[in-house]
Amino acid sequence: MTRPRILVGALVLAALVGCTTAPLAGGRSGGTTGQAATPVLDAAATASALATLGSKPGKDLKPVRLGPGLVPPTNRWFSGMVFGDKPQPVFPLPLSFGLDAAGFGFGVPEVKTTAKTIMGGYRPAVQVGVAGASGWTITGYDELSVTMEATGASGVVTIAQGSPFVTFASPQGATLSTNVPFERRGDAWVAPDGSVGLVAEGADVSGTSVTVRPGGHVIWFAVPSGTDPGRIAALASPITGTDVAYSVGDSVTTRLTYRTASGRTAFGVLPHQQARLKDATCDLGSFATLLGSMKLCSGESLTFETPSVDAFAALDLGRLSEPEKAELRAQVTTDVAAAKPYPADTYFGGKALYRDAQLYLIAKQVGAPEASAIKEKVTQALLRWARPTGCAAASEFCFTYDSTNKGIVGLAASFGSDEYNDHHFHYGYFLYAAGALASDDPGLVDQLSPVMNLLAADIASSVPGEFPVRRNFDAYSGHSWASGTSPFADGNNQESSAEAVHAWAGLRLWADAAGNQALAAEASWMQSLEAATAQVYYLAFDESDPVYAGYEHRISPLIFGGKRDYATWFSPERAAALGIQLLPMSPSSGYLKTDAPRIAANLAEGTGSIGYRQKFGDYLLMYAALAGESQRTDALAEARSFPTDLIDDGTTKTYLLAYLMSVRG
């Protein structure tokens, strides 16, 4: 990536390339540490696999504001600023931020809650004009921060997730104007209402005018209500980049570092980070956000722990009775007879491979005579997708490298996958199927590795190059983003938290089967954070937080950077709103088990007056079993007569019954 060529006082704005300088200290015994600069995939093997796979030019996604030499940052919280004819607002909480041709705006969103929606949209309370500016170019980014350079003027702006600061630096000098006057109070300038402050080095401030001398900079900052602006001003130092590090052991530790000259800064701590926060002082007040109350803290880095979750290749059917096994054997026969041809697109095709890999592993455990035939069928289909030469001699069931946008794509696109929508959802199914089959038959690893490792690189590469760093996963937010270019005024979004967790579980299973410890550790870290935020923001949020006052639903199915909706992209049905947070209810879905009353409340809303016999009812039955033994036995009884035409294409009735028989205690 290119370096912003701006001098900030005595500091040079370093390239924002998402690298760390030291491993995370204090990892648990037997755990694994990792950092953004630690390769999780062999560079030479990746290059060789890419050369064999071949490449094709991809769609023009219009990265019109992307600087030369940068990997197109699809699926990022700031992607909307990069792609498309007009830059979209972005949401580096606690701030919202937007670009226009003549300058930029920012402000803390005003959170408004209705029965179905929690809004925290773009609010440019402070609007800054840059004399001579006619546009912007993204000149550097890493996982938390992004730098923009003005066209036609001397100026660079840096923002970062979790940071209350917006920095403008100029090597040659610049004249700025604001819609808000700033008055001197001690070492800072403050807006009349006290909600925004400003510090300056090598710059002069007078009311609504700011003159930045050559090499100078100004830093605006948001001030929580009731907090002395001087306390925030004392922590204002230009952010030159951010680092991400993690440790995986009995729990998962994440460290997010904001690099500054002083070594200390202020940062916002979201609900999923607060319970097990480490080494931070949180006495700077709080902001209301659409995700809940954010504490403003100070320290050298934002470090927090998350409970670790497990990944399993198959259901454990060891405790089933012989009559239960016989019932499953009969159902395997029925499901095999009803099987349909495999789809050629990467979403439904991947789901089908995962589905049949699970069917095989059940059939094998219960001694079904069809087990070997199922294994052969799904293995050959997976190997077809995993041809090392990709789409060189094929028009479907294959992958190629998109040389335009730097990623792996299938020729049969679905849900905008050729625009980088949902890659982690799609490829998670392939990786889970590959990991599950390879755990049963290690001889498959060598045949699958070239292409499976490229799918892994597409969604989980740890160093920039032929792929972006961790395309979908957001280390600060703790969850993934699904839209490739994010052409929305409400920022990027994600709907299916369950398929995101499934993606990292699948990546972990593949890494384990392939003997890649570094990749497995990275996947474990992402899986654990994604599972935690799936509960904290989607399925089991703290209803006592003021943000939920007036919200009339128990779950939040669709989360954008600037809003949360009780809605889905594909269906108005309540079962769909809950089901999309559950599917495919894999053997690694144990994280969904929370307190029984919350599961019951979610199900009451999701089933409504229809009950379980509707689309997604199979997943709702599996979810019900997590509430307790009586709920499990009731769900199993219901599942035995569940209509086969309502079984989702990502599972089978065999799996539904096996899950409900095996998930006990």
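Mean projected area of the Cα convex hull of the chain, taken over all directions, amounts to 27.2 nm². Taking only the Cα atoms of segment 405-563, the ratio Rg/Rh comes out at 1.01, with Rh defined as the Kirkwood radius. I'd like the carbon and sulfur percentage of the solvent accessible area for segment 288-442, probe radius 1.4 Å, heavy atoms only, ligands and nucleic acids excluded. Carbon and sulfur together cover 55 percent of it. What percent of all Cα-Cα pairs in segment 64-192 falls into each 5 Å bin, going from 0 up to the bin containing the maximum distance? All Cα pairs, binned at 5 Å, distribute as 2, 10, 19, 22, 21, 13, 7, 4, 1, 0, 0 percent. Set the Förster radius R0 to 45 Å, insert the Cβ-Cβ distance between residue 634 and residue 396 as r into 1/(1 + (r/R0)^6), and round the FRET efficiency to 0.05. The value I calculate is 0.55. Cα-based radius of gyration for segment 392-458, normalised by 2.2 N^0.38 Å, reads 1.15. In terms of Cα atoms, the Rg and Dmax of segment 520-665 work out to 15.2, 44 Å.
Compute the acute angle (0 to 90°) between the alpha-carbon long axis of helix 517-533 and the principal axis of greatest extent of the alpha-carbon atoms of the chain; round to the nearest 10°. The angle comes out near 80 degrees. Helix 653-662 and the longest principal axis of the C-alpha atoms of the chain enclose an angle of approximately 80°.
Of the DSSP beta bridges with both residues in the chain, give the percent that are antiparallel, rounding to the nearest 5.
On the way: 101 of 104 bridges.
Among the beta bridges of the chain, antiparallel pairing accounts for roughly 95 percent.
Each Cα pair under 8 Å and six or more residues apart adds its sequence gap; the mean of these over the residue count of segment 509-577 is a relative contact order of 16 percent.
With angles folded into 0 to 90 degrees, how steeply does helix 596-607 sit against the dominant principal axis of the chain? Use alpha carbons for both and round to 10. Approximately 80 degrees, to the nearest 10. By the equivalent-ellipsoid construction on the alpha carbon gyration tensor, segment 116-218 comes out with semi-axes of 22, 20, 13 Å, ordered largest to smallest. Taking θ as phi - 60° and the Karplus parameters 6.51, -1.76 and 1.60, the scalar couplings of segment 569-585 work out to 6, 10, 7, x, 6, 5, 5, 5, 4, 7, x, 5, 8, 10, 5, x, 6 Hz in sequence order, x denoting glycine and proline. The smallest convex shape that holds all Cα atoms of segment 579-623, its convex hull, gives 65 Å³ per residue. Across the cross-link table entries 86/563; 340/593; 375/615; 325/364; 406/563, which are compared at the Cα atoms, the separations over 22 Å belong to 340/593; 375/615; 406/563. Based on protein heavy atoms only, the chain ends up with 34 Å² per residue of surface accessible to a 1.4 Å probe.
The values are calculated or read from the model by the stated rules, or taken from the named source; none is laboratory data. Remember, predicted model here, so these are calculated numbers, not experimental data. Glycine gets a Cβ as well: all are built from the backbone with ideal geometry, and neighbour counts include every protein chain shown. Please note that ligands, DNA and RNA were not included when accessible areas were found on the heavy atoms of the full protein model with its side chains. Shrake-Rupley method; radii C 1.70, N 1.55, O 1.52, S 1.80 Å.
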